[in-house]
Amino acid sequence: MQNWKKLGLIFLPNGEYEWMKTHAMMPVIDLLENDLARIYFSTRDSKGRSQGAYIEINLNDPFKILKISDEPVLKLGQLGAFDDAGIMPTCIVNHDKKKYLYYNGWTLGKNVPFFSFNGVAISEDGGNSFVKKSRGPAVLYSNEVDPYSTFAPTVLIENEVWKIWYVSLIKWVYEDDKLKHYYNIRYAESSDGINFKREGIVCIDFANKYEYAIARPFVLKEDGIYKMWYSVRESENIKTYRIGYAESEDGKEWIRKDSEVNLDVSESGWDSEMVEYSYIYDFKGKRYMLYNGNEYGKSGVGLAVMQLDS
């Protein structure tokens, strides 16, 4: 059982910047030197458009904010581009003295509300600046396997193979005269972190007739076992996101163990309605989880801790 202890809210935008009015959605942490870390997230301007931002903390005192980005890490694409309505960092990979920041690019639709596909921006100066690999969705784009939208990739490098777990939107349907999206988690591989060969391998699928959104995977490998935390909604009695968990021997076939995550909503406050979009890191013998609460990150980023077995 993963007994997570909530430590509290780390950060919530105060509206000081026009481009950072609300939301600290889908946190991503990059561990730096000297116990420092940078937490990337998606924030929104007064028009509801999301862009990448960050805060910097010392891991020994994570609730003290040392720095807040004063401009977007990744800016909106040109009008008509796949990321002209929103950009959302979802994963960072350090490789060969470069930082690969994977992100969602959003654009608005007519028959459906939105489209999302994925790009990557690369930093060669230690994260001071990132350059988009392409003006188009270079990493995950629309194809026969994923024709509608893709979201929230997380990437690991193992034996020179770049392994990606991501969310694929499989259908839009009208239910009770409202549009509803269904998406699950899939897997693909690459030799360069850009061009992924997708074969439609489904890792986490719907467990029952109630589930329709399985989102934001985070994957690590430990003691020869792949471990994934993800967000899932809904169940017979719960309509909002909760955090699920699964394990795999090969990264492709997974066994769900959702009941092992002991982290639910609070009785009141910023995460009283939902918990979602987890991102895991280890520090000084403890395992930590960054996560969002109410309204998909509008209420900020929080932190929980789990003692690792010694």
Give me the pairs, please: first residue somewhere in region 105-123 and closer than 21 Å to Ile164 by Cβ, second residue anywhere and open to solvent by less than 30 Å² (accessible area, probe 1.4 Å) and of a type in the set (Lys, Arg), beta-carbon distance under 9 Å, and either six or more positions apart or on two chains. Ala121/Lys99; Ile122/Lys99; Ser123/Lys99
Of (1) open to solvent by 20 Å² or more (accessible area, probe 1.4 Å); (2) among the charged types (D, E, K, R); (3) modelled with pLDDT of 95 or more, Glu276 satisfies all except one. Which? (1)
State which residue is least open to solvent (accessible area, probe 1.4 Å) when the search covers only region 83-124 and only residues that are part of a strand (DSSP E or B) and among the basic types (Lys, Arg). Lys99
So the check is Cβ under 7 Å with 6+ separation or different chains; which pairs have a first residue in region 83-102 that's over 20 Å from Phe151 (Cα atoms) and a second one that's modelled with pLDDT of 95 or more? His95/Ile157; Lys98/Ile122; Lys98/Ser123; Lys98/Glu124
So is Asp83 modelled with pLDDT of 95 or more and under 19 Å from Pro137 (Cα atoms) or not? yes
Report the residue count in region 248-259 for those that are free of Cβ contacts under 8 Å to residues at least 60 places away in the same chain and out of contact with any Gly (no Cβ under 7 Å at 6 or more places or on another chain). 8
So, of the residues in region 268-288 that are more than 13 Å from the chain's Cα centre (by Cα) and part of a strand (DSSP E or B), which turns out to be nearest to Phe63 (Cα to Cα)? Tyr288
Evaluation of Asn262 against (1) in contact with a Ser or Thr (Cβ under 8 Å, 6 or more places away or on another chain); (2) in contact (Cβ under 8 Å) with a residue 60 or more places away in the chain; (3) farther than 19 Å from Thr90 by Cβ (one fails), failing number: (1)
What is the residue count in region 73-82 for residues that are open to solvent by 20 Å² or more (accessible area, probe 1.4 Å) and closer than 18 Å to Pro27 by Cβ? 1
Just the residues that are farther than 12 Å from Ile39 by Cβ and either touching a Lys or Arg at 6+ places or on another chain (Cβ under 8 Å) or modelled with pLDDT of 95 or more (or both), please, taken from region 293-310. Gly293, Asn294, Glu295, Tyr296, Gly297, Lys298, Ser299, Ala304, Val305, Met306, Gln307, Leu308
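Listed here are the residues, each with its yes/no results for (1) surrounded by fewer than 20 Cβ atoms within 10 Å (Cβ to Cβ); (2) within 19 Å of Ser231 (Cα to Cα).
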residue	(1), (2)
Trp4	no, yes
Glu18	yes, no
Met25	no, yes
Ile29	no, yes
Tyr40	no, yes
Ser46	yes, no
Gln51	no, no
Tyr54	no, no
Asn58	yes, no
Are any of the residues in region 263-284 hydrophobic (A, V, I, L, M, F, W, C) and within 24 Å of Gly119 (Cα to Cα)? yes
Lys133 being open to solvent by 60 Å² or more (accessible area, probe 1.4 Å), modelled with pLDDT of 95 or more, more than 24 Å from Phe41 (Cβ to Cβ) and touching a strand residue (DSSP E or B) at 6+ places or on another chain (Cβ under 6 Å): no
Residues to consider are Phe206, Phe151, Phe196; find the one that is over 21 Å from Ile92 (Cα atoms) and in contact (Cβ under 8 Å) with a residue 24 or more places away in the chain. Phe206
Among the residues in region 289-303, are any on the phi < 0 side of the Ramachandran plot, part of a strand (DSSP E or B) and without any contact (Cβ under 8 Å) to a residue 24 or more places away in the chain? no
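The values are calculated or read from the model by the stated rules, or taken from the named source; none is laboratory data. Quantities reported herein were computed from a predicted structural model and do not represent experimental measurements. So basically every Cβ, Gly included, is an ideal-geometry build from the backbone, and we count neighbours across all protein chains shown. Ligands, DNA and RNA are stripped out before the accessible areas are found, and what is left, the full protein with its side chains, is counted by its heavy atoms. Shrake-Rupley method; radii C 1.70, N 1.55, O 1.52, S 1.80 Å.
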